[in-house]
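*Asks:* Mind looking over this structure? Questions follow.
Please treat every number below as a calculation from the coordinates, not as lab data. Just so we're clear, the structure is a prediction, and the values are computed from it rather than from any experiment. Here the Cβ is made from the backbone with ideal geometry for all residues, glycine too, and neighbour counts use every protein chain on show.
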Amino acid sequence: MRKTYRDRGAALVEFALVLPLLLLLIFGVIEFGWAYSQNLDVRHGAREAGRLAAVNYGTGTGTTQSDDLIGEACDRMDDFGSTTVELDQTGSTPGSKLEVTVTRPLDTLTGFLDFALGGVTLESAVTLRAEQALTWSDRTTACT
């Protein structure tokens, strides 16, 4: 069957209608995969920092030791651009509770979904018990 004059450009119009949905689907998969990867990095960073804090990692005491501990935790994370690590303890004896909180703003990859993902902050908190006497002090520091 021959196409008539009125059918010319129909495929282009259909493609123009479907293209935004296709791009949203493709970039959505990419962005949410990237966000999930960053979320895993924040969670693993909090777990690593909590483990270091529980075994009283670092040299010195007080804020010097806290800075060593946070620096080591930041080195173990993949991309720590704007990451903040917070150390908090309820006591310094073995068995006392400590909490480590890691926060980072979500960094979008393509920018296509900034209307939905812009301004999202990823956060993970870990609560552990101290395995040794703690000599570090409470501290909140951004990774550098």
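*Asks:* To the nearest 10 degrees, how steeply does helix 62-75 sit against the main Cα axis of the chain, on a 0 to 90 scale?
*Replies:* Taking the Cα atoms of the chain, the angle to 62-75 is about 30 degrees.
*Asks:* Just how large is the dipole of the chain about the Cα centre, in debye to the nearest 20, putting +1 at every Lys and Arg Cβ and -1 at every Asp and Glu Cβ?
*Replies:* In total the dipole reaches around 820 debye.
*Asks:* Need the full-extension length gain, ASP75 to VAL120, defined as separation in residues times 0.36 nm minus the C-alpha distance. One decimal, nm.
*Replies:* 13.9 nm
*Asks:* Related question: Per residue and in Å³, how big is the convex hull formed by the alpha-carbon atoms of region 41-103?
*Replies:* Convex hull of Cα atoms, per residue: 76 Å³.
*Asks:* In the chain, what % of DSSP beta bridges are antiparallel (nearest 5)?
*Replies:* Close to 95 percent.
*Asks:* Follow-up. Which order results if VAL42, VAL29 are arranged by neighbouring Cβ count within 10 Å, fewest first?
*Replies:* VAL29, VAL42
*Asks:* Using the Cα centre of region 1-114 as origin and beta-carbon charges of +1 (Lys, Arg) and -1 (Asp, Glu), tell me which of ALA11, GLN65, VAL55 is placed farthest towards the positive end of the dipole.
*Replies:* ALA11
*Asks:* I would also like to ask the following. At 222 nm, what helix-only mean residue ellipticity would the chain give, in deg cm²/dmol to the nearest 500, using -39500 (n - 2.57) for each DSSP H run of four or more?
*Replies:* Per the formula, -15000 deg cm²/dmol.
*Asks:* Semi-axes of the equivalent ellipsoid of the chain: what are they in whole Å, largest first, if each equals the square root of 5 times a C-alpha gyration tensor eigenvalue?
*Replies:* 51, 12, 10
*Asks:* For LEU25, LEU122, what ranking results if the residue with the fewest other Cβ atoms within 10 Å of its Cβ goes first?
*Replies:* LEU25, LEU122
*Asks:* Taking the Cα atoms only, what angle lies between the long axis of helix 10-54 and the longest principal axis of the chain, rounded to 10 degrees?
*Replies:* Helix 10-54 and the main axis of the chain meet at about 10 degrees.
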